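Following: one structure in structure tokens, then a few remarks.
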Amino acid sequence: MSTDRKAARARRAIPTFELSGGRLALDFTNTVDNRPVARRKDLLRDYADLVAWARQAGVLAGAEARALLLAARRRPAAAAQVFARATALREALYRVFAAAAAGRRAEAADLSLAEGELRVAGAHARLRREGRRFSWGWAAGPGDLDRVLWPVARDAADLLTSDLLPSLRECAAEDCGWLFLDHSKNHSRVWCNMQVCGNRAKARRHYRRARAAAR
């Protein structure tokens with residue numbers, strides 16, 4: 001690779017992710033824009049983007065993220081395999097959550113994939129004592145490239161088995177598909193983000209009314 005290409009890759013902007021789902025696992029599924037339509041855009045392009053998402057979502061500290069990126073550069077094939085697992089988990093979780101939001105049964109294959117990643121995560125889960133309280137932590141080394149998936153798998157299982165599941169919604173925008181928890185007082189939230197999808201929907205309705213009136 002030429003020096004210029006190496007420099008260009010080094011300068012690649014770190015993506016910024018919107019974390020509006022209300023849960024870690026939902027924010028993970030929301031790393032695809034325009035999911036239901038042809039111009040769908042995957043916001044995760046490679047393992048480095050996966051680490052960037054995990055850093056912004058609070059899964060990794062800065063030093064942990066840097067260590068994983070260094071390990072990924074040393075083991076690119078392994079990083080690519082983890083990235084493939086990540087996207088497969090994301091899509092399976094999306095289908096499971098979307099089915100739950102619509103009152104449908106999830107596909108057995110999707111649940112099986114999620115359970116497989118949960119078993120991997122469970123092998124690394126550890127109880128940590130913090131003063132008089134306990135919390136879950138992870139036994140991970142710098143070479144555990146898949147550590148970013150462990151908290152996602154656990155959070156997905158916790159959400160699916162919690163009383164919060166009836167609050168799960170899929171954005172009503174026809175070109176969105178993002179998932180979120182509806183914590184509004186009367187459970188009437190329909191947009192993942194009112195300033196984005198809500199305003200776009202209003203603009204579309206206004207345009208259609210204007211066209212109809214002009215005929």
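The values are calculated or read from the model by the stated rules, or taken from the named source; none is laboratory data. The model shown is predicted, which means the values in this text are computed figures rather than measured ones. Because the Cβ atoms are built from the backbone with ideal geometry, glycine has one as well, and the counts that use them run over all protein chains shown.
Sort through L60, L118 and tell me the only one that's aliphatic (A, V, I, L, M), under 17 Å from the mean Cα position of the chain (by Cα), buried (at least 17 other Cβ atoms within 10 Å of the Cβ) and not in a helix (DSSP H, G or I). Give the steps one after another, and end with the answer.
On the way: L118 fails: not in a helix (DSSP H, G or I).
Result: L60 is the single residue among L60, L118 that is aliphatic (A, V, I, L, M), under 17 Å from the mean Cα position of the chain (by Cα), buried (at least 17 other Cβ atoms within 10 Å of the Cβ) and not in a helix (DSSP H, G or I).
Report whether or not A67 is assigned to a helix (DSSP H, G or I) and over 16 Å from L26 (Cα atoms).
On the way: assigned to a helix (DSSP H, G or I): yes; over 16 Å from L26 (Cα atoms): yes.
Against the criterion (assigned to a helix (DSSP H, G or I) and over 16 Å from L26 (Cα atoms)), A67 qualifies.
Six or more apart or on different chains, Cβ atoms under 6 Å: show the pairs whose first residue is in segment 103-114 and of a type in the set (V, I, T) and whose second is loosely packed, with under 13 Cβ neighbours inside 10 Å.
From segment 103-114, no pairs qualify.
Within segment 138-159, track down each residue that is crowded, with 19+ Cβ neighbours inside 10 Å and farther than 21 Å from V190 by Cβ.
L145, D146, R147, V148, L149, W150, P151, V152, A153, R154, D155, A156 - these are the residues of segment 138-159 that are crowded, with 19+ Cβ neighbours inside 10 Å and farther than 21 Å from V190 by Cβ.
From the list A84, A78, A72, A48, pick out the single residue that is farther than 30 Å from A172 by Cβ, touching a Phe, Trp or Tyr at 6+ places or on another chain (Cβ under 6 Å) and modelled with pLDDT of 95 or more.
On the way: A84 fails: touching a Phe, Trp or Tyr at 6+ places or on another chain (Cβ under 6 Å); A78 fails: touching a Phe, Trp or Tyr at 6+ places or on another chain (Cβ under 6 Å); A48 fails: touching a Phe, Trp or Tyr at 6+ places or on another chain (Cβ under 6 Å).
Being farther than 30 Å from A172 by Cβ, touching a Phe, Trp or Tyr at 6+ places or on another chain (Cβ under 6 Å) and modelled with pLDDT of 95 or more holds for just one of A84, A78, A72, A48, which is A72.
Pull up segment 78-115, narrow it to residues that are crowded, with 17+ Cβ neighbours inside 10 Å and either among the acidic types (D, E) or touching a Ser or Thr at 6+ places or on another chain (Cβ under 7 Å) (or both), then point me to the one that is farthest from D182 (Cα to Cα).
Result: D110.
Does at least one position in segment 1-14 carry a residue that is at pLDDT 95 or above, assigned to a helix (DSSP H, G or I) and either hydroxyl-bearing (S, T, Y) or closer than 23 Å to W150 by Cβ (or both)?
Pass one, segment 1-14, residues at pLDDT 95 or above: none.
No, the conditions are met nowhere in segment 1-14.
Would you mind finding the one in E107, E115 that is farther than 16 Å from T161 by Cα and among the acidic types (D, E)? Give the steps one after another, and end with the answer.
On the way: E115 fails: farther than 16 Å from T161 by Cα.
That would be E107, the only listed residue that is farther than 16 Å from T161 by Cα and among the acidic types (D, E).
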